[in-house]
Structures are given as C-alpha cells and as structure tokens.
Amino acid sequence: MSINSAMLAGVSGLVANSSALAAISDNIANVNTVAYKRAQVNFANVVTSQSLTGRYSAGGVQGIARQYVGQQGLIQSATSTTDLAIAGDGFFVVGAKGAGLTAADPRTFTRAGSFSVDSDGYLKNSAGLYLLGWGPPNADGTFNTSPSDVTTMTPINVKNEGSVVAATTDVAITANLNADQTPSTAATSYNNGTASMAAYANGVATGTKPDFAIELGVIDSQGGVRKIVMGFSKPAATGGPPAVVPANEWNAEVYVVPAADVTETNGQLLDGKVYFKQDGTIDLNKTTLFGPATTPPASPSPPVISLAASGGTAPAWSASAGIAAQDIKLDVSKLTQFSSASTVSSVASNGAQVGNVIGVDVDENGVVSVVYDNSQVRKVAQLGLATFSNPDGLKSTSGNAYRPTLESGEYVLNTAGNGGAGKISPSSLEASTVDLSSEFTGLITTQKAYSASSKIITTADQMLDELINIIR
C-alpha cells in the first residue's frame, strides 16, 4: 500500500538523518583530535519495484557512512621533537604494547603522531599506541627493512641505549714554529733515545727539553683523557767553521705523558724530522716523523698514529689501562714555519667522554636517534610508513587508528620519501580535517531533513486515520 510505503520511507529518512547527525557530532567532538579524519554519511535512494502502473511505492533512503582517511590535514608546528607528522601518503605502524610485543599481537596504522617517551622509554602516542620501527642499526648505520612483513618492526625504546663514549679518531693542528729559533744548549746532545724530548717530559735527567711542544688531549675507548705531545727541537749547528743551523728542519717526536700509559720506552710513539718548504708550509714529502719520506706526499691523507690494544704489539696502550686499540689521524697540513713566535692557533679533535641520553631526534627520513649530553648522536631505529592503494577503505579502530580491509588493499612498507610514502615532518602534528563551518551547516540541514521525515510519518498517520474512519 502506498501510504504504508510512504510511512516506511519517512522512517528510513529518520534513520539516515540520525546517522548523519551522529557523524557530524563525531566530527565536531574531534575538531582538535590530532590527525582525525572527518566522517560523512552520504545518502542513496532505495527503489522498490512498481508492480502496478499508476501506483507508486516509496523505497526511502539509506545512509552510507564514509570516512575520508586519505585527506591530508594541515601540518602544524609543535614543541616536542617526538611530535611527528607525515607530509604525504602513509601511516605510522603502531602496536598496543611496548614490552613483550610478539608476532601474534595485532598491529594497527595511524597518522596521529603525538608521541612521547613513557616511563619505560618507549615512544607512545596520546592514544596509548606504541610506535614501531626497524632496528637496531647494522654496524655501517643501515637498517634491515622489509616491505611486506610488519612483524619485523618492533617498539622503539630510547632509554635502553645507556651511556656512550666516542674515542678520538681525528686531530687537526694549526700552529707555527719560529723560523728564527736558535738551538738550545742541549741540542748538541739530542738523540731520539735516552736524550729524547719524550725522556725529558717523563722526568729522565738526560732528556732534551723541546723548544716548542703542542699538547693533544685525546679520548680513549673508555672515555678517559690521555695526553699526547708533539715536541719540536731545533737541530744543533753543523759543519763549518762557521757552523750552520739547518734551515727549515726540526727534530720532532710524538710521545705520551705519563709514559706509563703506553708500553713504549719514555712513552715515545714517533720520532723523526719535520721539514718545511721555503714558503713556510710543511713539506710532507721530506718529513720522516711519520715514517720514511714519501712521494707523493702523505697530504691530503693525514698520517695515522696507531696504538694497539692493551698488551698488544708496540706501540700499544699499557695493559694496566685495559683499553681498546686506537688509530688517530693527525692532520699537520696547517703546521707552518714563519719568522714569528712559536704558537698554537688551534687543536681540533673529535671524541667525547662518557655521555647520557638527554633527548630524542627524528629526521625527515624517519631515522630515530638519541642525543647525549656529550654532543654524540646515536641511531636507534628507522621508521617505516605503510601505504595502501585505497586508504579510504581502511576500518577505523579506537585511538584514531585503522586496520586493513579487502577494500583498502594490503599495506606496503617503505622508508619515508620512498615508494610513494610521504616525508616525516619532525616537531609537527597533523591537524584534524574537520571544518566547523561545514559541520554546522550540515547540522542545520540534517535537522531540517529529520523534521521533514517526521512530517511524512505524521501525514501518513493522518491519512490512515481517514481511511479507517471510512467504515464508521
């Protein structure tokens, strides 16, 4: 009967508009939810078969819910370095727990990047979901990634890294030796054995005092500070009469103070001659401090001081020190000899003493690193972003996260900026895609449509009353 179908069509209108109101309410409530994707109920008519010509049976309307997951929200600046947004396609991979996550535990996907470090050191967002990534890194700093196996990703912990030490590997010296230096009275007795500069520095009475010395502080494998010295002595005059002081030539040694830190006699690591060109720059072709003179010269590849591990072959750190082997590149390319006072302009070296974690850093490629108070940075994990062929087909779950469906297709994991995945935007958050003006407009039209549907039911009821009254 047409009147009954009209009433049922009105009921369907009430149901559909109730669903629309629920979606609008959700949108308005989540206007400030990080990376929330607005939902909308779209309407589709329902058509019934018309069995009799001239008569019409109403089918009504049905509401079809849709969430615009693929819509990009505005990227906004944030104060925390662990707040992350994705500029482009992709989702963070998250788990429901940090410690004890197994391959059987579910993984979900989210763009809500409001992560912070919890009491156990895991990165967790405001919905309580734990950020997953590939790690730890290989020895060369790369990560083992998988494009199709999400179980290879584990919760990221930034507090289990402990302390860190960086042993010195490079030292660069900028200094000048006085070209007008006259040999000391001890220069005539100098030799690189018991009358060496190393012997003098370590208290041997027969040692030769250097005319100039450069102290180098280096960090060992345990974070200890060791002192290595480069000593220079002008050679005594030769030949004659009259005797002539060799020009552009210096006796040089590299030694450790105190000598007990190494196995070498008097702590002497290297000895030889340092030569300078007529323009005052060092002549590494002729210099023998680092071994026999070489052609082509050692520069620009710096010579290396190699100290074997404790108890190793000479030269080596003392067994009592209990530290690892250490190669130190010594850049002396800026060592000069000019007619001015011997002076050190700078000694630049790397290495750092014991440091503790003070912060977390994430770059645009998704590499998570911990920052130490000794200025060292260590990689911890690599974020992977999941992309889907139809992100609007994902199923919503609590915590502003999603699960794959047949409609969304399977995920593909890629590092940020590769394979269609977007870039990570550190210290940023993605805003909700809700537009309040549109939602309030929809609220008004939905209310009017609901009222109109109720009028259909009222009118159909009155018509049925009229029909019933016919038999009275």
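The values are calculated or read from the model by the stated rules, or taken from the named source; none is laboratory data. Keep in mind it's a predicted model, so treat the numbers as computed, not measured. As a convention, Cβ positions derive from the backbone with ideal geometry for all residues, glycine included, and neighbour counts pool all protein chains shown. Surface accessibility is based on the protein's heavy atoms, side chains included, excluding ligands, DNA and RNA. Shrake-Rupley method; radii C 1.70, N 1.55, O 1.52, S 1.80 Å.
Brief remarks follow.
- Helix 2-29 and the longest principal axis of the Cα set of the chain meet at an angle near 20°.
- Three semi-axes of the equivalent ellipsoid, region 11-112, Cα gyration tensor, whole Å, largest first: 42, 18, 12
- Highest average first, the peptides 394-405, 443-454, 358-369 ordered by how many other beta carbon atoms sit within 10 Å of their residues are 358-369, 394-405, 443-454.
- Protection proxy ranking, peptides 121-133, 158-170, average beta carbon neighbours within 10 Å, highest first: 121-133, 158-170
- Helix 436-469 axis, angle to the chain major axis (alpha carbon atoms, nearest 10°): 20 degrees
- Ratio Rg/Rh, restricted to region 350-412 and using Cα atoms, in which Rh is the Kirkwood radius: 1.26
- Cβ crowding within 10 Å averaged over residues, with 341-347, 457-463 ranked highest first: 457-463, 341-347
- Restricting attention to the chain, close to 90% of DSSP beta bridges with both partner residues there are antiparallel.
- Near the amide H of VAL367, within less than 5 Å, lie the amide hydrogens of LEU383, all on another chain or at least 5 residues away, with H placed in the peptide plane.
- Charge dipole of region 164-279 about the Cα centre (unit charges at C-beta), most positive-ward option of PRO241, TYR190, ILE214: PRO241
- Region 200-353 - convex hull of the alpha-carbon atoms, volume per residue in Å³: 135 Å³
- What a 1.4 Å probe finds exposed on the chain is 53% carbon and sulfur by accessible area, rounded to a whole percent.
- When only Cα pairs below 8 angstrom with a gap of at least 6 residues are kept, the chain shows a relative contact order of 23 percent.
- Residues whose placed amide H lies under 5 Å from that of ASP331, excluding near-sequence neighbours: VAL171, ALA172, ILE173
- Percentage relative contact order, region 15-116, counting C-alpha pairs under 8 Å, at least six apart: 24 percent
- For region 263-401, the normalised intensity computed at q = 0.12, 0.16, 0.19 Å⁻¹ comes to -0.79, -1.07, -1.18 (log10 of I(q)/I(0), Debye sum over alpha carbons, equal scatterers, no solvent).
- Matching label, Cα Rg over 2.2 N^0.38 Å computed from the structure shown, candidates (i) 1.44; (ii) 1.70; (iii) 1.01: (ii)
- Helix-only CD estimate at 222 nm, as mean residue ellipticity for the chain, using -39500 (n - 2.57) per DSSP H run (n ≥ 4): -5000 deg cm²/dmol
- Phi-based couplings in Hz for region 58-64 (Karplus 6.51, -1.76, 1.60; Gly and Pro marked x): 5, x, x, 9, 10, x, 10
- Heavy-atom accessible area per residue - region 300-443, 1.4 Å, Å²: 46 Å²
- When the listed pairs LYS37/LYS395; LYS277/LYS329; LYS234/LYS277 are checked against a 19 Å cut-off, the alpha-carbon distance exceeds it for LYS277/LYS329.
- Less than 5 angstrom separates the built amide H of LEU307 from those of GLN326, ASP327, ILE328, all sequence-distant by 5 or more or on a different chain.
- C-alpha center-to-center spacing [region 10-45, region 350-421] in angstrom: 32 Å
- Region 179-222: C-alpha gyration tensor shape, a/c 1.5 cut-off, then a/b vs b/c: oblate
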